[in-house]
Amino acid sequence: AQKVTQAQTEISVVEKEDVTLDCVYETRDTTYYLFWYKQPPSGELVFLIRRNSFDEQNEISGRYSWNFQKSTSSFNFTITASQVVDSAVYFCALTVLSGSARQLTFGSGTQLTVLP
Amino acid sequence: EADIYQTPRYLVIGTGKKITLECSQTMGHDKMYWYQQDPGMELHLIHYSYGVNSTEKGDLSSESTVSRIRTEHFPLTLESARPSHTSQYLCASSATGVLQPQHFGDGTRLSIL
């Protein structure tokens, strides 16, 4: 069975601070995909990134960066120079392609509040 | 612990059949969502609802329809299934308010032959 743990339930930072959202996953599958989604106040999920299990290269997109480490089963997300508009709930998710009963697993989400 | 339930978990059915995917939540959430996910790909929002008698189409065009007659129930219907509808469908709900996280069902894996 798969599991995704986002240990940080709520985080508050002041604007311009850097913030890292942690994600730890568990799976026995060797082929899997990891995702980060943003849920802004409007409610709908916004896709941020997808990584497959064979690509450990870290990625940077503007103020966002992701650190994927298979050795620690972590896929952490960092926002640099945070802004008020970054306030949202962020979800980490894992999907596998095997015949597992549950193919898609979400973490419980981290609520990020960026204060002006 | 699951407070949002989807049935069936798996469905293999022939082309042309009418299908209804069930989604129920016991949390009293006003907002509910349906997402579609192809293997290994990201979720795409296909329908959402902000409350009873409210339904809206999402970002991804879908031939499915939804209804929201009761707060706790948000079924998705395909009138005539086709192989292109083969996918995983995920239901979610959230409370009204700022930064209320979504709660996800286990999903329905649909295969149209």
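Where a number appears in this text, it was derived from the coordinates with a stated rule and is not lab data. None of the values given here were measured: they were computed from a predicted structure. Because the Cβ atoms are built from the backbone with ideal geometry, glycine has one as well, and the counts that use them run over all protein chains shown.
Relative contact order, percent, of region B:58-113 when contacts are C-alpha pairs under 8 Å separated by at least 6 residues? Each step should come with its number before you reach the end.
Details: 64 pairs, mean separation 16.4, N = 56.
Worked out over region B:58-113, it gives 29 percent.
Identify all aspartates and glutamates with a Cα-Cα distance to B:LYS17 below 13 Å; exclude those on the same chain that are fewer than 8 residues away in sequence.
Within the straight-line limit of under 13 Å, B:LYS17 reaches these aspartates and glutamates: B:GLU79.
Quick one: work out Rg over Rh on the C-alpha atoms of chain B, Rh as Kirkwood radius.
Rg/Rh for chain B comes to 0.95.
Given contacts defined as C-alpha pairs under 8 Å and at least six residues apart, what's the relative contact order of chain B, whole-number percent?
Once divided by the residue count of chain B, the mean separation gives 36 percent.
With springs only between Cα atoms under 10 Å apart, run a GNM on chain B and tell me which of B:LYS18, B:LYS31, B:LYS57 wobbles the most.
B:LYS18
Tell me which GluC sites (Glu not before Pro) from region B:1-69 have a DSSP coil assignment and no more than 11 other beta carbons within 10 Å of their own.
Within region B:1-69, the qualifying GluC sites (Glu not before Pro) (loop, at most 11 other Cβ atoms within 10 Å) are B:GLU1.
In 5 Å bins starting at 0, how do the alpha-carbon pair distances of the protein assembly as shown split up by percent?
For the protein assembly as shown, the pair-distance distribution reads 1, 7, 14, 18, 19, 16, 12, 8, 4, 1, 0, 0.
Picking from A:LEU104, A:LEU21, A:LEU94, which is most flexible by a Gaussian network model of chain A using Cα springs under 10 Å?
Answer for the Gaussian network model of chain A: A:LEU104.
In whole Hz and in residue order, list the ³J(HN,Hα) couplings for region B:78-94 that follow from phi through the Karplus curve 6.51 cos²θ - 1.76 cosθ + 1.60, θ = phi - 60°; x for Gly and Pro.
10, 5, 8, 5, 10, x, 5, 7, 4, 4, 9, 10, 10, 9, 9, 9, 8
Under a straight-distance cross-link criterion of Cα-Cα below 22 Å, which lysines are reachable from B:LYS57, leaving out those fewer than 8 residues away in the same chain?
A:LYS38, B:LYS18, B:LYS31
Among the aspartates and glutamates, select those whose C-alpha is under 19 Å from the C-alpha of A:LYS70, and discard any that sit fewer than 8 residues away in the same chain.
Partners within reach: A:ASP22, A:GLU26, A:ASP29, A:ASP55, A:GLU56, A:GLU59.
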